[in-house]
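J.: Below you'll find the structure I mean.
The values are calculated or read from the model by the stated rules, or taken from the named source; none is laboratory data. Note that the structure is predicted; figures quoted are calculated from it, not measured. In this analysis, Cβ positions are derived from the backbone assuming ideal geometry, glycine residues included, and neighbour counts consider all displayed protein chains.
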């Protein structure tokens, strides 16, 4: 038991506190630098250490110090406890998502091999809505309340199709356990095509990415915080509390990247390479990290390419396009699998 | 303790570590940040105006409808998960294949009918 506890502490520190936090912190800089490049601006470039600027990468440290040394004041609220709880409720669920993500073969690169892996992700990711809802409710602010009602409606709308999109994946790989799904994706169809989720479920991949971006409240689905319209659900949060709410968004991007990599891009599998062990394991962990970073980059590029939706467009996309398409995807998958199992394909 | 329950111990440990890390960051901020409070600073942000009504009032019934639809469709999705993992296994049994196929597509059909109904009633339109 003690061994299990120590091992889990080491894995949590390694995966979440080092890898995820490092990527999330780096994303705060990449996001601003990439948007600057897309919009033909210079972007952050002021912070320097000993005269070195390196494209403004020291803004990471500067931001952290600034967040920590600002005043954290409570607004006049009748729910101070809930107000203080909100950053925890926003950040802890997105961090917990990494508990079931297999970063490599075997049990050493996986914090917990929970049998219901994918369902754990769906369940825990939906807890994230409490952070913004309770935080805004406790802020006692009209703008925050508007933002939080929009957030709640948006997140629960897209959660339905997010769950239904994954049904096709469960049907093909016959499991909800993420490690099993990744192992199944190592096989080849017709001897040459990797059996990745994106190959077998291309429609589900597009729908899943759309729903996930809506779940992480990023542009083009950033109505909850739409800077130029309503200020957002975190108006009343200052200093590190605001920093944590922003951080939860960046960790959410990494979580979506890792989940999409595991379910649709073959996880740690390197195409046409079978087996594990030794240096191959190292390469496979590297492949998983690369795939995660690719999906993260994809989300960044989408954010700075598409304009924000109007609210009615957002709800129409969720209920009238994504949901029927998800049902259609399940139907098509069921029919095709019927033919496959009868040996006709 | 069952093996399947032991798998949740790392999750609990992770919960504790993450909460501690966040608590640590907030405590550090509390220790480092200035504390100069006054009534105007603590007033709710309203672009310099006084708040004329409390934010806690009734909101549009459409949001309530979205909540109800979410519960209905999400529960239906939950019924699909166990079927999805067993579907291929059932298909391999020739006697059972058409039952596995038919029963769930009956269910999916009813689910789609419900969607068509709320759609036709205009409940999915925002204006």
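J.: Tell me, which residue of region A:305-327 that is under 15 Å from residue B:109 (Cα atoms) and either assigned to a loop (DSSP other than H, G, I, E, B) or touching a residue at least 40 places away in the same chain (Cβ under 8 Å) (or both) is farthest from the other protein chains (Cβ to nearest Cβ)? Even if it seems obvious, please write down each step before you answer.
T.: First, pick out the residues of region A:305-327 that are under 15 Å from residue B:109 (Cα atoms): A:323-327.
Cutting the leftovers down to either assigned to a loop (DSSP other than H, G, I, E, B) or touching a residue at least 40 places away in the same chain (Cβ under 8 Å) (or both) gives us A:323, A:325-327.
On the way: A:323: 7, A:325: 12, A:326: 9, A:327: 6 Å.
The extreme case among them is A:325.
J.: Within region A:69-79, is there a residue that is within 9 Å of chain B (Cβ to nearest Cβ), within 27 Å of residue A:151 (Cβ to Cβ), in a helix (DSSP H, G or I) and modelled with pLDDT of 85 or more?
T.: Here is the first cut: in region A:69-79, the residues within 9 Å of chain B (Cβ to nearest Cβ) are A:69-77.
With the extra rule that they be within 27 Å of residue A:151 (Cβ to Cβ), the set shrinks to A:70-77.
Among the residues that remain, those that are also in a helix (DSSP H, G or I) are: none.
No, that holds for no residue.
J.: For region A:34-55, give me each residue that is outside any loop (DSSP other than H, G, I, E, B) and in contact with a helix residue (DSSP H, G or I) (Cβ under 7 Å, 6 or more places away or on another chain). Spell out the reasoning first.
T.: Keep residues of region A:34-55 that are outside any loop (DSSP other than H, G, I, E, B), which gives A:34-38, A:49, A:52, A:54-55.
A:34, A:55 - these are the residues of region A:34-55 that are outside any loop (DSSP other than H, G, I, E, B) and in contact with a helix residue (DSSP H, G or I) (Cβ under 7 Å, 6 or more places away or on another chain).
J.: Within region A:262-285, is even one residue closer than 30 Å to residue A:67 by Cβ and either surrounded by fewer than 18 Cβ atoms within 10 Å (Cβ to Cβ) or out of contact with any strand residue (DSSP E or B) (no Cβ under 7 Å at 6 or more places or on another chain) (or both)?
T.: Step one: of region A:262-285, the residues closer than 30 Å to residue A:67 by Cβ are none.
Within region A:262-285 (the criterion being closer than 30 Å to residue A:67 by Cβ and either surrounded by fewer than 18 Cβ atoms within 10 Å (Cβ to Cβ) or out of contact with any strand residue (DSSP E or B) (no Cβ under 7 Å at 6 or more places or on another chain) (or both)), the answer is no, since none of the residues qualifies.
J.: Could you tell me which numbered condition residue A:85 fails, if it satisfies all but one of (1) within 23 Å of residue A:262 (Cβ to Cβ); (2) part of a helix (DSSP H, G or I); (3) without any contact (Cβ under 8 Å) to a residue 60 or more places away in the chain?
T.: (1)
J.: Please specify each residue of region B:62-71 satisfying the condition of being facing chain A (nearest Cβ under 9 Å) and free of Cβ contacts under 8 Å to residues at least 60 places away in the same chain.
T.: The first filter runs over region B:62-71 and keeps only residues facing chain A (nearest Cβ under 9 Å), leaving B:62-63, B:66-67, B:69-71.
Within region B:62-71, B:63, B:66, B:67, B:69, B:70, B:71 qualify.
J.: Determine whether residue A:269 is in contact with a helix residue (DSSP H, G or I) (Cβ under 7 Å, 6 or more places away or on another chain), over 30 Å from residue A:150 (Cα atoms) and in a loop (DSSP other than H, G, I, E, B). Talk me through it step by step, then tell me what you get.
T.: Numbers: in contact with a helix residue (DSSP H, G or I) (Cβ under 7 Å, 6 or more places away or on another chain): yes; over 30 Å from residue A:150 (Cα atoms): yes; in a loop (DSSP other than H, G, I, E, B): yes.
For residue A:269, the condition - in contact with a helix residue (DSSP H, G or I) (Cβ under 7 Å, 6 or more places away or on another chain), over 30 Å from residue A:150 (Cα atoms) and in a loop (DSSP other than H, G, I, E, B) - is met.
J.: Can you pull out every residue in region A:115-172 that is more than 9 Å from chain B (Cβ to nearest Cβ) and within 25 Å of residue B:42 (Cβ to Cβ)?
T.: Listed by number, the residues that qualify are A:130, A:131, A:132, A:133, A:134, A:135, A:138, A:147, A:148, A:151.
J.: From the list A:23, A:114, which one is in a helix (DSSP H, G or I), buried (at least 18 other Cβ atoms within 10 Å of the Cβ) and in contact with a helix residue (DSSP H, G or I) (Cβ under 8 Å, 6 or more places away or on another chain)? If you could, list the steps in order and put the result at the bottom.
T.: Values: A:114 fails: in a helix (DSSP H, G or I).
Exactly one residue qualifies, and that residue is A:23.
J.: Separate question: Kindly evaluate residue A:58 against the criterion of being touching a helix residue (DSSP H, G or I) at 6+ places or on another chain (Cβ under 8 Å), more than 11 Å from every other protein chain (Cβ to nearest Cβ) and modelled with pLDDT of 85 or more.
T.: Numbers: touching a helix residue (DSSP H, G or I) at 6+ places or on another chain (Cβ under 8 Å): no; more than 11 Å from every other protein chain (Cβ to nearest Cβ): yes; modelled with pLDDT of 85 or more: yes.
It is false that residue A:58 is touching a helix residue (DSSP H, G or I) at 6+ places or on another chain (Cβ under 8 Å), more than 11 Å from every other protein chain (Cβ to nearest Cβ) and modelled with pLDDT of 85 or more.
J.: So, residue A:98, is that one touching a strand residue (DSSP E or B) at 6+ places or on another chain (Cβ under 8 Å) and farther than 14 Å from residue A:134 by Cβ or not? Talk me through it step by step, then tell me what you get.
T.: Details: touching a strand residue (DSSP E or B) at 6+ places or on another chain (Cβ under 8 Å): no; farther than 14 Å from residue A:134 by Cβ: yes.
Criteria not met by residue A:98.
J.: Do any helices (runs of 4 or more DSSP H) lying entirely in region B:1-61 carry at least 1 residues that are facing chain A (nearest Cβ under 9 Å) and closer than 15 Å to residue A:76 by Cβ, and which ones are they?
T.: Working: elements: B:3-6, B:8-32, B:39-42.
The helices (runs of 4 or more DSSP H) meeting that bar are B:39-42.
J.: Going through region B:88-127 one residue at a time, which ones are more than 26 Å from the chain's Cα centre (by Cα) and surrounded by 15 or more Cβ atoms within 10 Å (Cβ to Cβ)? Walk me through how you get there before you give the answer.
T.: Step one: filter region B:88-127 for residues more than 26 Å from the chain's Cα centre (by Cα), giving B:88-103, B:106.
Residues satisfying the conditions are B:88, B:90, B:91, B:97, B:100, B:101.
J.: For a quick check of your reading of the model, give me the residue pairs whose first member lies in region B:50-61 and is farther than 15 Å from residue A:136 by Cα, whose second is assigned to a loop (DSSP other than H, G, I, E, B), with beta-carbon atoms closer than 9 Å and at least 6 apart or on different chains.
T.: B:50/B:43; B:51/A:140; B:51/A:141; B:51/B:43; B:51/B:44; B:52/B:46
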